[in-house]
Amino acid sequence: MGLISAYFICAAIVALMATVDLYRPVIQKYEMPWDIRALYYFVCITLGTLAAPLLIYPCVSKVKGIEFRDSFEKAVFENK
């Protein structure tokens, strides 16, 4: 039980870091109603908690963070 709770604590911290550092700059570029914006944040935090080990490197490395933000913006907001 201690290992699971330790993972969720670390995953929550990484998800918070990813939200502040990676997701927020992209989401704030677009004008959208508050309910849609809150839904984006909820989904990003939930997915960030599940994929926390994959988000550590983009949160720590500036170059990889920029690449992640660009890829995130293309994947979510551009319909190409």
* Under Karplus coefficients 6.51, -1.76 and 1.60, residue-wise ³J(HN,Hα) of region 42-58 in Hz, glycine/proline x -> 4, 5, 5, 5, 5, 5, x, 5, 6, 9, 4, x, 6, 8, 5, 5, x
* **Helix-only CD estimate at 222 nm, as mean residue ellipticity for the chain, using -39500 (n - 2.57) per DSSP H run (n ≥ 4)** => -25000 deg cm²/dmol
* Under the Debye formula (equal points on every Cα, no solvent term), log10 I(q)/I(0) of the chain at q = 0.10, 0.14, 0.22, 0.27 Å⁻¹ -> -0.25, -0.47, -1.02, -1.33
* Asked: Which residue fluctuates the most in the chain, going by a Gaussian network model with Cα springs under 10 Å, if the choices are 16, 39, 50?
  -> 39
* Asked: Tell me, what ³J(HN,Hα) does each residue in region 62-72 have, in order and in whole Hz, if you take phi through Karplus 6.51 cos²θ - 1.76 cosθ + 1.60 with θ = phi - 60° and put x for Gly and Pro?
  -> 5, 5, 5, x, 5, 4, 5, 4, 5, 5, 4
* Taking neighbour Cβ counts within 10 Å as the exposure measure, how do 1, 17 sort from fewest upward? -> 1, 17
* Asked: Under a point-charge model restricted to the Cβ atoms of Lys and Arg (+1) and Asp and Glu (-1), what is the dipole moment magnitude of region 2-77 relative to its Cα centre, in debye to the nearest 20?
  -> 120
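Read-outs: derived from the displayed coordinates by stated rules, not from any lab. What you see is a predicted model, and the numbers here were worked out from it, not measured in a lab. Using ideal geometry, Cβ is built from the backbone for each residue, glycine included, and neighbour counts are taken over all protein chains shown.
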